[in-house]
Amino acid sequence: MEFNKEFWRNPEKWIAAIILDSERNQTYGKVKNGFAIIERVPKPESGFNYLDIVKVNGPIGKQLYKDDEIEEYEAIEVEQKSDLKTYSYEAILPKSSDYFRLLEWFIENGQKTEMEFSMNFNEKRWLKGYCSSKSIEEADRILKSFVAQESGTFLVKIKRLFSNKHYNRKIRNLKSA
């Protein structure tokens, strides 16, 4: 089966919760003909990548997403693996506008990032983020370029970038330069 953009143009479900493992780690995606495309950046420890196409079982339940009820599907196996791995990082974002600028920056650079969202942004709280990228070097470049283009509103911007490949954590300290 060919999973091109045309295939996903008319999904059965535009948004569904995709349960990735027995710990109920999940992400979101579109569902069609027993397959789902992962459209949110999954946690690195899940073993799944952003834009993986997975065979799914379900629906197996329902949950709330914003104000809507959506169906849950269980990921059975990866049908087509994406080359966009997940990396995690930590950042201080003093204002919610910094959060939205960072999300946009990743989109402008052809990738995606997800972060824990907090209504209490401040200059001392580290937030965990996940980003998609083909390599840790590319993720490093995108994060450093975001830090470099900012006008100095962060005290400390990006703390470190993690690669969770095979559960070995490779840490790189990022410094605005």
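The values are calculated or read from the model by the stated rules, or taken from the named source; none is laboratory data. Given the structure is predicted, the values throughout are model-derived calculations rather than measurements. Because the Cβ atoms are built from the backbone with ideal geometry, glycine has one as well, and the counts that use them run over all protein chains shown. Surface accessibility is based on the protein's heavy atoms, side chains included, excluding ligands, DNA and RNA. Shrake-Rupley method; radii C 1.70, N 1.55, O 1.52, S 1.80 Å.
For trypsin sites (Lys or Arg not before Pro), the sites in region 62-91 that DSSP calls loop and that have at most 10 other Cβ atoms within 10 Å are K66.
With N set to the residue count of region 1-139, report its C-alpha Rg divided by 2.2 N^0.38 Å to two decimal places.
Values: Rg = 15.7 Å, N = 139, 2.2 N^0.38 = 14.3 Å.
Rg over 2.2 N^0.38 Å, computed on Cα atoms: 1.09.
Rounded to the nearest 20 debye, the dipole size of region 30-147 about its Cα centre is 260 debye, using +1 on the Cβ of Lys and Arg and -1 on the Cβ of Asp and Glu.
Alpha carbon centre of region 25-75 versus region 76-117: separation in Å? Centre-to-centre (Cα) distance: 17 Å. Listed by chain and number, the aspartates and glutamates whose C-alpha is less than 14 Å from the C-alpha of K5, apart from same-chain residues fewer than 8 away, are E39, D52.
Assuming a ≥ b ≥ c are the square roots of the Cα gyration tensor eigenvalues, decide whether region 1-80 counts as rounded (a/c under 1.5), prolate (otherwise, with a/b larger than b/c) or oblate. In terms of gyration-tensor shape, oblate.
Quote the Stokes-Einstein diffusion coefficient, in whole µm² s⁻¹, for region 45-102, based on the Kirkwood radius over alpha carbon pairs, a temperature of 25 °C and a viscosity of 0.890 mPa s. In µm²/s, the coefficient is 170. Computed over protein heavy atoms with a 1.4 Å probe, the accessible surface of region 1-64 works out to 52 Å² per residue.
Exceedance of the 26 Å cut-off in Cα-Cα distance is limited, within the set K13/K144; K13/K81; K32/K144; K62/K85; K13/K43, to K13/K144; K32/K144; K62/K85.
Annotation for region 37-138: GluC sites (Glu not before Pro) lying in DSSP loop with at most 14 further Cβ atoms inside 10 Å of their Cβ are E116, E123. The shape of region 59-146 comes out oblate: with a ≥ b ≥ c from the C-alpha gyration tensor, a/c is at least 1.5 while a/b does not beat b/c.
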